[in-house]
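First up is the structure itself, then whatever we jot down about it.
The values are calculated or read from the model by the stated rules, or taken from the named source; none is laboratory data. Predicted, not measured: the structure shown is a model, and the values here were computed from it. Positions of Cβ are backbone-derived with ideal geometry, glycine not excepted, and every protein chain shown enters the neighbour counts.
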Amino acid sequence: MSVEATDVAERPADRPPLLEQYRLMALIRRFEDRAAELFQQGVIFGTAHSCVGQEAIAVGAAGVMRDTDYLVGHHRSHGHLIAAGADLRRMMAEMFGKRTGYCRGLGGSMHIADLSLDILGCNGIVGAGIPHACGAALTAKLRGTGQAAVAFFGDGAAGQGAAHEGMNLAATWALPVVFICENNQFALSADWRTQRAVEDLADRAAGYGMAGEIVDGNDLLAVEDAVAHALARAREGAGPTFLEMKTFRRMQHSMRANLPDVRDPALVEEWAAKDPLPRFERLLRDRGELDDDRVETVLREVERDVELAIEIALADEDASADDLLPAVLGPQRSYPAPAAETERKLGFVAAVREALDLELDADPSVIVIGEDIGKVGGLFRATEGLYERYGAERIRDTPLTESGFVGCGIGAALTGLRPVVELQFSDFAGVAFDQIMNQAAKLRFMMGGTPSIPLVIRMV
C-alpha cells in the first residue's frame with residue numbers, strides 16, 4: 001500500500017516544528033554541497049556520497065524516532081547522521097582524516113558512528129548493516145527497553161543476500177526494526193530494470209511476513225507519518241516494517257563523479273521539479289511560516305554552522321599512527337591459572353557445553369544463536385540441555401541464514417549483549433564471510449577503536 005501525508009493541521013503536536021525541519025533539511029543540503037566542493041579540492045580523502053535530493057527521508061524519520069532508538073546507515077548517510085544530531089565538526093574532521101573525527105580519521109565518510117547517540121555506524125559494504133540493525137533490535141526486545149532500530153539502505157542493497165536474510169530473521173523473530181529503503185532509482189548506474197523484475201520493492205514485504213508500504217520519500221510529512229506508524233507497530237510487538245521511500249539522488253553516484261552520468265536527462269529534470277527542499281519551502285510559505293527574509297536567515301545560519309565546522313576541523317590534528325594498534329586490538333584480559341590440577345577429565349564437546357553453561361548462568365547478557373541449537377542441542381550436542389535450562393529467548397534457533405545471524409550477533413554485541421554464534425560447520429563460514437571479515441573483524445578499527453564487540457563465533 002502507499003502512504004499519503006497527513007494534513008498539516010492534523011500533524012501531532014509532539015513532532016518537531018515545521019520550520020525546524022526545514023532548517024535541518026537546508027543544513028544537510030549545505031553540508032553536502034560544501035563536502036562536494038571540498039572533495040573536488042582534494043581536502044576530503046577516500047570517497048564520499050551525496051544525499052542531495054533525499055533530505056526529507058533523513059529529517060522525517062529522525063523527527064519521529066526516540067533519542068534512544070538505534071540507527072544503522074549506509075554509504076550515503078551524511079543526512080541521517082546530521083538529522084540524528086551528529087556533530088558537524090566531527091563529521092568534517094573524519095572526512096578530512098583528522099584525529100578529532102568520529103572514527104579518529106580512520107573510517108572516513110562511509111563509516112561514521114556515534115554510539116553515544118545510538119548511531120551504530122554506516123557501511124561501505126552495500127546492505128551489510130541490515131543484520132546489525134536486527135541485532136540491535138534483538139537487544140531491545142530481550143531487555144524490554146521499548147527501543148526500536150531503524151535501518152536505512154538503498155534500492156541496490158535490496159538485492160543483497162544480507163538484506164534478505166536480515167529481513168527474514170527480523171520477521172521470524174518479530175523484532176522491533178523498521179527497514180527504510182531509499183529507492184533513488186539507480187544503483188550506481190543500473191536502473192531498476194537492470195536489477196530486478198519487480199518495480200516496487202515494498203511488494204517483497206509480504207514474502208517476508210511483514211508490513212510493506214510505498215511512501216513519497218520527497219514529502220517530509222508522508223515520511224514522518226509512515227515511520228511513526230512503523231515504529232509504533234514495532235514497539236507494540238507487531239514486528240518489522242518495510243518502507244520503500246521513492247526518491248531520487250540529484251548528484252552522481254559518488255562525489256568522485258569520474259564516470260559518465262547515463263541517467264536519462266528527462267528523468268533527471270522530472271525529479272528536479274520534485275526536489276524535497278523547495279517543495280517543503282513552498283508548503284511553509286503557503287502556511288505563512290516562511291517568507292524571503294526568513295529563508296535568507298535560515299540559509300545564512302546553516303552556512304555559518306557548516307563553515308565553522310570546516311574551519312575548526314581543518315585546524316585539528318591529523319590522524320595518528322599511534323591510534324592504529326589500539327583501534328585493532330581491544331584491551332587484553334589475563335586469567336589466573338587454576339590453583340591446582342585435578343583428575344577430572346572432559347571431552348572437547350563436554351568442555352564447550354560446560355563453559356557455555358557457566359557463562360549463561362553468570363551473565364544474563366550472554367545468548368547463544370545458531371541453527372538447531374535448541375531442542376536438538378546442536379549437531380555435535382554442544383548445547384544439549386541448555387535450551388531446557390535457559391529457554392528459547394537465550395538459546396535461539398535461527399533460520400538457515402548464516403550471514404543474517406552472524407550479522408545479528410554483531411549488532412547485538414554492539415548494543416550490550418554477549419552473543420555466542422554457532423556455525424554448524426566451518427565450511428558454512430564462507431556464506432557469512434563478509435560479516436566475519438569486513439564487519440566483525442574490522443568494525444572496531446573502522447570506528448576508531450571506540451566500540452567493544454564481545455562476539456564469539458564458534459564452529460567445528
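Check off (1) without any contact (Cβ under 8 Å) to a residue 12 or more places away in the chain; (2) in contact with a Gly (Cβ under 9 Å, 6 or more places away or on another chain); (3) more than 30 Å from MET95 (Cβ to Cβ) for LEU329 and give me the number that stays unchecked.
If we test LEU329 against (1) without any contact (Cβ under 8 Å) to a residue 12 or more places away in the chain; (2) in contact with a Gly (Cβ under 9 Å, 6 or more places away or on another chain); (3) more than 30 Å from MET95 (Cβ to Cβ), just (3) comes out false.
When you go through ALA56, ALA13 one by one, which is the residue that is in contact with a Pro (Cβ under 6 Å, 6 or more places away or on another chain) and within 28 Å of LEU284 (Cβ to Cβ)?
ALA56
If I ask for residues that are within 29 Å of the chain's Cα centre (by Cα) and on the phi > 0 side of the Ramachandran plot, which ones from the range 255-303 would you list?
Matches in the range 255-303: ALA257 only.
Has the range 323-335 got at least one residue that is modelled with pLDDT of 95 or more and either outside the structural domain of VAL43 (by TED's automatic domain parsing) or basic (Lys, Arg) (or both)?
No - not one qualifying residue is present in the range 323-335.
Does MET255 satisfy the condition of being at pLDDT below 95, surrounded by fewer than 19 Cβ atoms within 10 Å (Cβ to Cβ) and closer than 29 Å to VAL295 by Cβ?
So MET255 fails the test.
What's the number of the only condition in (1) under 14 Å from ALA48 (Cα atoms); (2) touching a strand residue (DSSP E or B) at 6+ places or on another chain (Cβ under 6 Å) that GLY97 fails to meet?
Result: GLY97 fails condition (2) only.
Looking only at the range 85-103, how many residues end up being of a type in the set (Gly, Ala, Ser) and under 19 Å from GLU301 (Cα atoms)?
The number of residues fulfilling the criteria is 2.
From the list LEU221, LEU231, which residue is in a helix (DSSP H, G or I), at pLDDT 90 or above and closer than 23 Å to ALA272 by Cα?
Unique residue meeting the criteria: LEU221.
Residue pairs, Cβ under 8 Å, 6 or more apart or interchain, first in the range 276-291 and over 11 Å from LEU19 (Cβ atoms), second among the polar types (S, T, N, Q). List them.
Close Cβ pairs satisfying both conditions: PRO276/GLN54; PRO276/ASN218; PRO276/THR247; ARG279/ASN218.
Kindly indicate which of GLU165, GLU213, GLU182, GLU199 is farther than 27 Å from VAL420 by Cβ, touching a residue at least 60 places away in the same chain (Cβ under 8 Å), over 14 Å from the mean Cα position of the chain (by Cα) and assigned by TED's automatic domain parsing to the domain that holds GLY73.
GLU213
Please go through the range 26-51 and pick out each residue that is surrounded by fewer than 21 Cβ atoms within 10 Å (Cβ to Cβ) and not in a helix (DSSP H, G or I).
GLN41, GLY42, VAL43, PHE45, GLY46, THR47
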